[in-house]
Amino acid sequence: MPELSAEIERLSLVIEIGGMPVRVNTADAGFLAILQDRYSGFVSESERAEIEFDVEITTSSLVIDGKKFLYNSSRDITERKRAEADRLSMERALRASAKHQSLEVMAAGVAHTFNNQLQTVIANLEVAREEAPASLAAPLADAIAAARKAAEVSGVMRTYLGQGLARRTPHALGRELHGLIGLLRTQLPNGVRLDVEAAEDGPICDVDPREFRQIIMSLATNAWEAIPRGGTGGSVSISARLVPGPRPAEFLACVEVRDTGIGMEPATVERAFDPFFTTKFAGRGLGLAAVHGMVESMKGTISIASQLGVGTTVTLLLPARAPVAIPSAGPLPPAPVSFSERWPGVVLVIDDEPMVIAAIQRLLHRSDAQVLSATSGADALAVFDGRQGRVDCVFLDLQMPGMDGWETLAALRERRPDVYVVVASGLDLEELRAREQPIRPDGWLQKPFTREQLLSVLPPLSGPTPLLRLVKTP
């Protein structure tokens, strides 16, 4: 190794003077001693790159025997700077964690409140649909479908926060994309062309179809909203194809959403997945953040390539299965519109929302059920004791003030171990089922639910009353 002093002019030092970092080249003997001590044996003849480290310089004046001297001291503070950077990084991580926890609490509150309100809407719409004239059947059916779609909003937020447990099964993404074409084109602005390039039978991934559709709808909406209005139009293209994975015999599904819009600046691309960051009007900022959370929960990746004046491409890479055919599920059966069987049992509905209780009562009264109600766990136990436990089924909400649903369930089972209890909650049922609870309910209902779903969880009654049977009208 050549003498370090011969190379000293090539060395770049970052020093701090008065708190300001200054980069200097120096041949000072004091610095040479630091360099020789710190880097001896590490700088080879082939290494000619600059060596950078942080130095703190202190200069003071001394008077000795009437003569003034300047005393210079230098200290390597690289480790101190690194420790300070690590501390700041940890502080940022802690702030991000606290923010995430706050969002989790907010999401749980949104899911509970929002789904309770939608439960009231859907139940009353179903009652109205059965009593309304035929001319109102289609509008009421559309209203019910819109309400159920609105219920997915809280699920999307909880998925972004990692709270929801998605129900993922093998699906052909091409088939899902082609099934969305009709809906996408109804929302497509005038003058914008939509192209879908994907084979019907592939690629095959383990996905929750609801999640995947939400992802595509969000990305497609962003794509066509980036195309200026009033011009010569533009295009949005969505494609899905199978590509080789990082290891042999592994595959990835590459899904791309491309537009010919205005594009984005690099700074905008960098913040695109931040929660609540938006370049649109207020209230539109959770879309890409939710997409990012859903893609990560699928063990996939998402990236954005954009150029101003050219357009944007969003690329998803999802783990895929080896190519095999998945049979089509076929069209969904028509929804039942009336029920002919009676269920003259006694139901106790426990919920802290009176409107939810009233909506469930209207649904059950149409099957001749006798409905009791309570808005708290304590009230429910009083009603149960007043009936001496003669209740055929209990519908129980979990989030209630005072005695919550789990405590109420335990108290009911203490009074009557075989009481039939169905948990009806606006929280994610997969998450609730995964919790370790010493006492489990007999059934589960995800709010908002339909009358068909409500009646399907009722227990059979003893005696001559027939079991519930759903009857579809032609």
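Side notes on the structure shown:
- Region 447-462 - residue that is outside any helix (DSSP H, G or I) and either at pLDDT below 85 or in contact with an Asp or Glu (Cβ under 7 Å, 6 or more places away or on another chain) (or both) and, of those, nearest to Leu118 (Cα to Cα): Thr450
- Ala199 vs. criteria at pLDDT 85 or above, on the phi < 0 side of the Ramachandran plot, small (Gly, Ala, Ser) and in contact with a strand residue (DSSP E or B) (Cβ under 6 Å, 6 or more places away or on another chain): no
- Gly389 vs. criteria assigned by TED's automatic domain parsing to the domain that holds Asp351 and surrounded by 13 or more Cβ atoms within 10 Å (Cβ to Cβ): no
- Test for Ser239: is it closer than 22 Å to Pro323 by Cβ and hydroxyl-bearing (Ser, Thr, Tyr): yes
- Matching residues in region 88-132 - criterion: being surrounded by 12 or more Cβ atoms within 10 Å (Cβ to Cβ), among the charged types (D, E, K, R) and at pLDDT 80 or above: Glu126, Arg129, Glu130
- Taking the listed residues Asp418, Asp442, Asp428, the one that is of a type in the set (Asp, Glu), buried (at least 18 other Cβ atoms within 10 Å of the Cβ) and either modelled with pLDDT of 90 or more or not assigned by TED's automatic domain parsing to the domain that holds Ala128 (or both) is Asp428, with no other qualifying.
- Residue in region 409-422 that is in a helix (DSSP H, G or I), out of contact with any helix residue (DSSP H, G or I) (no Cβ under 6 Å at 6 or more places or on another chain) and free of Cβ contacts under 8 Å to residues at least 12 places away in the same chain present: yes
- Only strands (runs of 3 or more DSSP E) whose full extent lies in region 183-278 are considered here, and the ones with at least 2 residues that are out of contact with any helix residue (DSSP H, G or I) (no Cβ under 9 Å at 6 or more places or on another chain) are 192-197, 234-244, 251-259.
The values are calculated or read from the model by the stated rules, or taken from the named source; none is laboratory data. Just so we're clear, the structure is a prediction, and the values are computed from it rather than from any experiment. FYI the Cβ positions are ideal-geometry reconstructions off the backbone, even for glycines, and counts take in every protein chain you see.
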